[in-house]
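Report on the following structure.
FYI, it's all coordinate maths here, none of it is from the lab. Bear in mind that the values here come from a model prediction, so they are computed numbers and not experimental data. All Cβ positions, glycine included, derive from the backbone under ideal geometry; neighbour counts span all protein chains shown.
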Amino acid sequence: MKYRDRLMLPLLACLPLASRASEAGGGWPTRAVRLVVPFSAGGATDSVARLLANRLNAAWGQPVVVDNKPGSGTILGTDIVAKAPADGQTFGVVVSSHAINPSLRSKLPYDTLRDFAPVSEVGVQHMVIAANPALPANNLAELIALAKRQPGKLSYGSPGTGTALHLGMELLKVKAGLDILHVPYKGGAPAQQDVMGGQVPLLLDIYHSAAPLIRSGRLKPIALLSPRRPPSIPDIPTVEETVPGVSALSSIGIVAPAGTPAAVVRKASADIAALLADKAFAQQFSDMGVDPVASTPEDFDRRIRADIAKWAPVVKSSGATVD
């Protein structure tokens with residue numbers, strides 16, 4: 001079965017739930033729905049949220065209003081969702097940091113597992129290790145050899161401490177026994193600029209964000225962190241091909257406050273799945289570098305729990321902290 005087909009199967013499986021959820025949800029929603037995005041407007045995650053909100057407007061017959069609440073590594077916006085009334089009028093966007101933060105921060109203003117009702121995963125983004133073109137390594141095997149010849153001399157930039165991009169590289173460092181310095185930035189753009197300028201030799205970034213720079217030759221790709229080569233990026237090898245057991249995807253999903261009526265959660269999940277199963281809409285996601293992946297609330301809950309367990313030892317071994 002093709003990689004994309006496996007991603008799409010959960011979408012189709014959720015479709016029969018739509019009519020049952022609609023009946024169970026009664027007349028919901030009866031007024032505008034708030035979708036909290038823990039990032040500034042204009043970024044990749046915000047763009048995904050707005051695309052989804054625009055289609056849910058029609059599906060629900062009520063406005064779905066995107067509310068940008070950036071800050072504290074997604075915690076500010078996520079905390080707003082945790083403390084919102086559980087009346088089905090507030091949902092929140094979460095990314096991989098949602099599963100990383102419990103290990104990264106000793107004090108969170110909410111409980112990641114108890115204070116939210118998972119609704120659905122909506123997509124995954126591919127991550128890439130890229131380099132300044134002058135770096136004397138053109139693939140992962142050569143990069144590993146270079147790092148082992150020069151322990152502590154190489155460095156990599158990421159959009160910030162505790163992101164999936166940061167921890168993805170830390171996972172590689174643990175598995176391959178590498179000593180490479182992490183240089184955190186406040187976003188991907190400044191990290192890209194310093195890598196292109198030669199101040200930092202390596203970059204961890206969302207592939208879709210780095211792709212124009214890779215195509216223009218200003219960055220060179222080393223490897224994808226994806227579990228396998230996606231059909232949309234067939235020419236870049238994965239880390240798994242050289243270091244088995246190292247893979248990661250940047251996940252985007254939807255949650256609601258704990259206690260939100262189960263019928264509302266299930267209807268929202270099924271309606272999202274129905275949208276993502278539409279080929280034209282799914283293509284819009286793909287054009288943004290996002291592979292659509294819908295899931296049931298139960299599946300998304302299992303995914304969050306599995307990701308917490310996956311990232312906890314990586315955070316510990318890396319020594320990363322933001323307290």
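For this structure, a couple of remarks:
- Taking Cβ atoms as reference points and 12 Å as the exclusive limit, the residues near ALA210 contribute a net charge of +2, counting Lys and Arg as +1 and Asp and Glu as -1.
- Cα centroid of the range 218-290 to Cα centroid of the range 116-178, whole Å: 18
- Distance (nanometres) between label positions extended 7 Å along Cα→Cβ at SER72 and ARG149: 4.7
- Neighbour net charge for GLY160 - beta-carbon separation under 12 angstrom, K R +1, D E -1: 0
- Within the range 157-179, backbone nitrogen closer than 20 Å to the virtual label 7 Å beyond the Cα of GLN193 toward Cβ: 157-161
- The chain: antiparallel DSSP beta bridges as a percent of all, rounded to 5: 60
- Cβ-based net charge around THR242, under 14 Å, with every Lys or Arg adding one and every Asp or Glu removing one: +2
- Among HIS182, ALA164, ASN54 - extreme Cα towards positive end, dipole of the range 29-182, charges at beta-carbon: HIS182
- Within the range 194-299, the trypsin sites (Lys or Arg not before Pro) that combine a DSSP coil assignment with at most 14 other C-beta atoms in a 10 angstrom radius are ARG228.
- Looking at the chain, the pairs of alpha carbons with a distance over 39 Å make up 12% of the total.
- Within the same chain, lysines fewer than 8 places from LYS153 are excluded, and of the rest, those with a Cα less than 25 Å from its Cα are LYS173, LYS175, LYS186, LYS220, LYS316.
- The ranking of TYR185, TYR207 from fewest to most other beta carbons within 10 Å of each one's beta carbon is TYR185, TYR207.
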